[in-house]
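Worksheet: one structure, shown below.
The values are calculated or read from the model by the stated rules, or taken from the named source; none is laboratory data. Because the structure is predicted, anything quoted here is derived from the model rather than measured. Note that we place each Cβ from the backbone using ideal geometry, even for glycine, and neighbour counts take in every protein chain shown. Surface accessibility is based on the protein's heavy atoms, side chains included, excluding ligands, DNA and RNA. Shrake-Rupley method; radii C 1.70, N 1.55, O 1.52, S 1.80 Å.
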Amino acid sequence: MEAERKRRKKKRLPTKAEKLRARRRRLYRECDVERAVYRWFSRRAERPSLAEVARKATLVARRLGADAGQARAIDEEWAARWSRRFGTDKEGYSKDQSYACLCLELDWGSLPGLGGLQDRVWLLAAGNLSGRHRTRLLITGKEWRPDCLKHVNMLSQPVVYAGGGVGRPTPDLFSWWFHREFAPAALALNSGGAILVCEELDFLPPAEECVAAGGKVKLVVKSADGSLDQVKSELRARYAMLLIHSVSVEGLSGFTLKDAFPLLHRAWLNVRPEVFGRSGSSEDDRVLLLELLWLCHEAGLETDEAGVRAWVVDSGPPASSVKAEPLEQLEVPSAAEAAALLGKALLWMESEPIEPSYLLVLRDIIAIARQACYYLTFICLKFNFVFQILLFLK
């Protein structure tokens, strides 16, 4: 016993501070430093340099229990490796992960060589540089609820409409669109993250407010360089071509914003993928303008190549306008009436050489209308039954 007691006295036991330092050394992991630095990076409004990243990583490593040697190993070379690994360098984002923000003003009721309705809307959307993914169009107008949309459920439309106020995008509206529309759509195809590059606009919110999914999706603002001018021009050109195919010049006054929604949606999807991320025009762009010019002449519009080119660059306020006639208030049919009318349309489609997939879609719509009719009938019978019971109890 005496010998054991002497042996213990010779061996010095560690203090609490030494135990804590040893525990920190055992728990230190470089991956924790990398994640902490990424969280710090995602909150930054401006892009830090590699020296700033290395300095911040050194402070984080020391706080997490790194020794002197581990802290000295964190330098600018370490910061460059970290940047490539987490995709924070510009080259780290692929073309599928890099999105360009499109924002333009458009007179949806005008055509080259013809006055419009002088009812302009703003379009806001995003598409990646590979051209394989595009978000829905956000359309901003002056009216909160136009007459043509009073009885329309916007879930049935291919675009998003936000009207009222100043009639143009605002910081709050852009922030809502970024978090509710762009970020979920970008993450659905790019789980590793995405970046939205936007030119300087007066309605953009601060960049630190446009960070989603823990920093995976963020907004980067750059100076205007005209890289999206060709995308805007082609969108206008393709919309004009669809508009000429859909309505006649005489019937343009009865054209409504609701009728423009599917045309704008199709024009946005028809923009060629190679136009994204490309500055300057090509021979294919001139061919598209000549095709639009030919359609304008076929429709009886007096214009030339210079007029068409000026219109697609900016469909500005027309010299003359077409007077918009008041819309006829149509009564919304019931579910039973809709099923009967669609049944007649199905009979006509079955007598024509139409693609079978269209008939299958119409049959599904008729089934939905009949289900809605049966559901309303069931609700009415249920309320009638409850009413009869209440009368009996009285």
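Tabulated results
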read-out	value
Sole exception among (1) open to solvent by 40 Å² or more (accessible area, probe 1.4 Å); (2) touching a Gly at 6+ places or on another chain (Cβ under 9 Å) for Gly163, by number	(1)
Positions within region 180-214 being in a helix (DSSP H, G or I), in contact (Cβ under 8 Å) with a residue 40 or more places away in the chain and of a type outside the set (Gly, Ala, Ser), in sequence order	Glu181, Phe182, Leu189, Glu208
Residue satisfying all of: in region 116-164; hydrophobic (A, V, I, L, M, F, W, C) and part of a loop (DSSP other than H, G, I, E, B); farthest from Asp259 (Cα to Cα) among these	Leu129
Enumerated helices (runs of 4 or more DSSP H) restricted to region 1-87, each holding at least 2 residues that are open to solvent by less than 30 Å² (accessible area, probe 1.4 Å), under 25 Å from Leu219 (Cβ atoms) and at pLDDT 65 or above	30-42, 50-63, 76-86
First in region 151-179 and farther than 30 Å from Gly215 by Cα and at pLDDT 95 or above, second anywhere and assigned to a strand (DSSP E or B) and among the charged types (D, E, K, R), Cβ under 9 Å, 6 or more apart	none
Residue match in region 235-252 (condition: touching a residue at least 60 places away in the same chain (Cβ under 8 Å), in a loop (DSSP other than H, G, I, E, B), out of contact with any strand residue (DSSP E or B) (no Cβ under 7 Å at 6 or more places or on another chain) and open to solvent by 30 Å² or more (accessible area, probe 1.4 Å))	no
